[in-house]
Structure formats: structure tokens, C-alpha cells
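See below for the structure under consideration.
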Amino acid sequence: MKRFILGGIVLVLAGCGLEEYESRMIRAQEKVKRYDDLNAVLDDALEMPKHSVTEKQPGGRETTKEMPWDVFLRPPLGIKSKPVGEPREGILYHYSRGTRPGTPAASVTPNTASATGSVPAVGAAARNVTDLYLAFSSDPRETAQFAADVLRLFPTAPSPPPLAVKSIQMPERPQHRVEVLDFDDDLASYAAYFYRPKGAKTTVGVIFRCEKGRRETSRPLLDLSIGTLGVDKDAGVMLTMFGRRVSVGGGAPSGIAAPPPPPPPPGGAPRPPGAAK
């Protein structure tokens with residue numbers, strides 16, 4: 001009788017182990033799908049410009065060196081990773097639209113994951129984003145003052161800028177609380193995002209230029225790009241999560257290196273997720 005009871009306990013525990021494994025496998029598959037959704041609409045991370053950093057050496061001596069801003073951002077698909085020319089008035093860097101081998105800008109028809117992880121179709125939203133501008137500040141001023149300094153370089157932006165607070169949630173990441181402003185000129189529509197996470201030393205401004213009247217169509221894509229924004233110590237975290245693209249079958253970059261699936265539980269091969277028990 002004891003052997004029957006022990007055997008039943010072993011079977012129950014094995015079943016629990018298989019169910020837990022299936023659950024972990026499903027979560028891993030969902031994570032891989034989110035990575036693929038990102039790669040369908042976001043390009044490789046932007047190359048950050050350099051700035052002067054002063055460091056104290058032993059004995060109190062100070063040295064200055066040029067270092068890239070500690071910021072990570074993946075832009076909408078088709079935006080070049082390197083800035084064009086010199087920064088406007090020394091603060092505003094311009095990243096223009098280009099093409100990727102095998103992915104002509106004129107034929108991009110992506111799907112995008114929203115901030116909640118769903119995948120609504122946004123059609124040619126990546127084509128609607130023609131340019132991206134970046135600005136940085138290590139000045140401890142209020143974000144509103146930094147935003148005013150940046151937006152004065154756009155003649156049609158209101159002054160002072162009436163910034164609104166917006167929360168952007170990426171799966172498995174804390175919320176980004178950004179300050180935003182929309183404005184237009186005769187040729188284009190703009191969406192400006194300003195971000196300084198708590199405890200960070202750097203404030204970042206990201207301004208997207210869209211085809212006139214196409215800003216709201218592109219909004220899920222813009223928010224998704226901002227969801228990858230990492231500043232200071234968080235830049236390394238976002239690089240680990242979203243920064244590396246891998247080639248599939250020797251073709252164009254597609255897919256981020258995802259974590260391997262969990263090891264199978266002891267007691268034999270598991271059932272495929274969803275299979276009859």
C-alpha cells in the first residue's frame with residue numbers, strides 16, 4: 001500500500017514539474033516573439049555622439065576626455081545609426097532616414113508591438129518617420145528648461161513648451177515617465193519626448209519628424225522606440241535586453257538573441273505546450 005501511495009506522489013510531482021516547464025516554455029516563446037516584433041519595426045541602436053567628461057585622478061588632479069553619451073535608443077526602422085554633420089548650435093544632433101540592404105525604406109510594412117505587448121498593425125508607419133533629433137544635457141536644471149532650450153531650434157514649437165507627462169510601459173521593464181509635446185510646421189509633424197530618469201545625471205530629448213499629418217498613425221511606433229531608451233546606468237541594461245541583432249539564415253539582420261529555453265525537467269521529455277495531458 002505504501003508503494004502505491006509513494007508512486008502516486010511521484011506521479012503528481014512529475015506532473016507539476018511538467019506543467020511548470022510548459023509554463024516557462026510559453027513565457028520564453030512569448031519573449032522571443034516580442035524580440036521579433038521589435039526587430040520588425042526598430043533599427044539598430046543609434047551611435048551616440050561624444051562629449052567632454054572630466055574625471056578626478058588620485059591626488060586631486062583632473063583629466064578631461066571625450067566619451068560617448070551613456071544613452072541607448074533603438075529608432076524606427078530606416079533611421080541611420082550615425083548623426084549627420086555637426087550638431088545644430090552644438091546641442092541638437094540629426095539622424096536622417098536611409099535604407100538597409102534587403103529592406104528598402106519604400107517597402108517597409110511592419111507590425112509593431114505596443115507598450116502593452118500586443119501587436120497592432122501600423123502599416124507603413126516606419127516610412128512616415130523621416131528624421132530623428134537627439135539632444136543631451138548633464139545640467140541639473142528642470143527638464144522644462146532643457147526642453148525650452150532645445151525646442152527654440154524649431155521655429156514653430158510653442159514657447160514656453162506646454163509639456164505633458166506620459167507613461168510608456170515596456171514588458172519586463174519599469175515605466176518610462178516622459179514629458180512630451182507635439183507641434184507642426186508647414187511640411188511636417190513633430191513629436192518631442194524628454195526624459196530624465198530618477199537619479200540620472202543626463203537628460204535626453206528625442207524629437208521625431210513625421211510626414212505631415214502622419215504623427216498619430218506613427219504614435220505606437222514612436223512610443224515603442226522611446227520604450228527602449230536607456231540613460232546612464234540603465235543604458236547598459238537596455239543594451240543587454242534590446243541591443244543585439246542576429247542574422248537568420250545569412251540574410252538581413254532579424255531577431256534579437258533571446259535567452260535559451262529553460263532546461264527540461266527531470267523525468268523524461270516534456271509534452272509540447274498545449275498538447276493533451
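The values are calculated or read from the model by the stated rules, or taken from the named source; none is laboratory data. No experiment lies behind these values; they were computed from the predicted model shown. Every residue, glycine among them, receives a Cβ derived from its backbone with ideal geometry; neighbour counts consider all protein chains shown. Accessible surface is based on the protein model in full, side chains and every heavy atom, while ligands, DNA and RNA are left aside. Shrake-Rupley method; radii C 1.70, N 1.55, O 1.52, S 1.80 Å.
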### Phe146 vs. criteria closer than 24 Å to Pro68 by Cβ, crowded, with 16+ Cβ neighbours inside 10 Å and within 18 Å of the chain's Cα centre (by Cα)
no
### Message
Of everything in the range 143-159, what is part of a loop (DSSP other than H, G, I, E, B) and more than 15 Å from Glu89 (Cβ to Cβ)? Give them in sequence order.
### Response
Thr156, Pro158, Ser159
## Note on the structure
Restricting the range 185-217 to residues that are more than 15 Å from Tyr133 (Cβ to Cβ) and in a helix (DSSP H, G or I), the one modelled with the lowest pLDDT turns out to be Thr217
### Query
Restricting the range 231-251 to residues that are buried (at least 21 other Cβ atoms within 10 Å of the Cβ) and more than 18 Å from Phe146 (Cα to Cα), which is modelled with the highest pLDDT?
Ala235
### Output for the range 35-62, where each listed residue is basic (Lys, Arg) and touching an Asp or Glu at 6+ places or on another chain (Cβ under 8 Å)
Lys50, Lys56
### Query
Can you find a residue in the range 169-180 that is crowded, with 22+ Cβ neighbours inside 10 Å and in contact with a His (Cβ under 9 Å, 6 or more places away or on another chain)?
yes
### Summary
Residue hits (the range 181-207; under 14 Å from the mean Cα position of the chain (by Cα), among the aromatic types (Phe, Trp, Tyr) and open to solvent by less than 10 Å² (accessible area, probe 1.4 Å)) are Tyr193
